[in-house]
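Peer 1: Before I ask anything, here is the structure I am working with.
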């Protein structure tokens, strides 16, 4: 079956779409699937069986990226075109069937919205495929030993970033004597462009327990490393969704983003926010202006996150 699967530029949204992709792969004995996505998300699909071509899309003016994709796809007859970006492209290709995701005001989780597009129930959870070689590299990066607390202290927008001093205090509490991860190693994840955001936390961790992965692993290797961790705590980001897909206990920290759409998905997941709802915080963003607004995670205290982390670990056991 020939399928063109068009998914997101952002890593988080792309991760959430992988369950639907694997549903299509597993439904056919010899799938021939092309994946089109943004450049940051493209490596996610590099080791997925059934994906025969990946087309990274670089955004260009005058819809140039869509014309680029059309020029690559137009000479094929497609059994199915799945467009999760709501473009008009599906209608410009030779296809037996088209499924195009449209914007919706409902409060369903993104995974549920995607599953409904193909009438799949229950919604297939996000799933990342990696090779044995990638798993082996993760074992070298995080060798056997004490449990690992994984942290994602960065975000693609400053208002979504929980303050570094609170990550530091939370780490101390969870890994100190008597803590639920007593003596744990601490792995800090992030992109190289986010190193300045992560540096205060990195500097505060005892060097013998620190695993600094900021800018040092690509997205698939980050996933492999996350499968070796005991708990992930981080801001709403692509890393959070990677951790949840890895099946480890994952706690998402939310402020000016909607948890009802983007909470980590899976059995061993949870999320917390402060006293203000997403709607409260978004009104503040609109009043101040997106580029001028400062951090909006100040109402989420360490006690709240620590309780949620302990409860999630206990539940996961």
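The values are calculated or read from the model by the stated rules, or taken from the named source; none is laboratory data. Being a predicted model, the structure only gives us computed values, none of them experimental. So basically every Cβ, Gly included, is an ideal-geometry build from the backbone, and we count neighbours across all protein chains shown.
Peer 1: In this structure, is residue 260 in contact (Cβ under 8 Å) with a residue 40 or more places away in the chain, surrounded by fewer than 16 Cβ atoms within 10 Å (Cβ to Cβ) and assigned by TED's automatic domain parsing to the domain that holds residue 150?
Peer 2: When the stated conditions are applied, residue 260 passes them.
Peer 1: For residue 92, indicate whether it is surrounded by 13 or more Cβ atoms within 10 Å (Cβ to Cβ) and touching a strand residue (DSSP E or B) at 6+ places or on another chain (Cβ under 8 Å).
Peer 2: For residue 92, the condition - surrounded by 13 or more Cβ atoms within 10 Å (Cβ to Cβ) and touching a strand residue (DSSP E or B) at 6+ places or on another chain (Cβ under 8 Å) - is not met.
Table: residues versus (1) assigned by TED's automatic domain parsing to the domain that holds residue 11; (2) in a strand (DSSP E or B); (3) surrounded by 15 or more Cβ atoms within 10 Å (Cβ to Cβ).
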site	(1), (2), (3)
165	no, no, no
174	no, no, yes
180	no, no, yes
187	no, yes, yes
190	no, no, yes
201	no, no, yes
214	no, no, yes
224	no, no, yes
229	no, no, yes
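Peer 1: For the stretch 1-21, state whether one or more residues are within 24 Å of the chain's Cα centre (by Cα), over 19 Å from residue 101 (Cα atoms) and modelled with pLDDT of 95 or more.
Peer 2: The answer is no, given that none of the residues of the stretch 1-21 is within 24 Å of the chain's Cα centre (by Cα), over 19 Å from residue 101 (Cα atoms) and modelled with pLDDT of 95 or more.
Peer 1: If you take the residues in the stretch 285-314 that are in a helix (DSSP H, G or I) and modelled with pLDDT under 95, which one is surrounded by the most Cβ atoms within 10 Å (Cβ to Cβ)?
Peer 2: Here the residue is 285.
Peer 1: Also, I was wondering about something else. Could you pull out the residue among 154, 134 that is surrounded by 15 or more Cβ atoms within 10 Å (Cβ to Cβ), modelled with pLDDT of 95 or more, out of contact with any strand residue (DSSP E or B) (no Cβ under 8 Å at 6 or more places or on another chain) and under 30 Å from residue 22 (Cβ atoms)? Write out each step before concluding.
Peer 2: On the way: 154 fails: out of contact with any strand residue (DSSP E or B) (no Cβ under 8 Å at 6 or more places or on another chain).
The unique qualifying residue is 134.
Peer 1: On to the next question. Hey, can you tell me all the residues within the stretch 253-269 that are closer than 20 Å to residue 113 by Cα and outside any loop (DSSP other than H, G, I, E, B)?
Peer 2: Just the residues of the stretch 253-269 that are closer than 20 Å to residue 113 by Cα, to begin with: 257-267, 269.
Hits for the stretch 253-269 are 259, 260, 261, 262, 269.
Peer 1: Do we have residue 215 as under 19 Å from the mean Cα position of the chain (by Cα) and on the phi > 0 side of the Ramachandran plot here?
Peer 2: Yes: the conditions hold for residue 215.
Peer 1: Tell me which residues, restricted to the stretch 88-108, are touching a helix residue (DSSP H, G or I) at 6+ places or on another chain (Cβ under 6 Å), in a loop (DSSP other than H, G, I, E, B) and within 30 Å of residue 236 (Cβ to Cβ).
Peer 2: Listed by number, the residues that qualify are 101, 107.
Peer 1: Let me ask another. Does any residue of the stretch 63-81 turn out to be at pLDDT 95 or above, part of a helix (DSSP H, G or I) and within 24 Å of residue 192 (Cβ to Cβ)?
Peer 2: no
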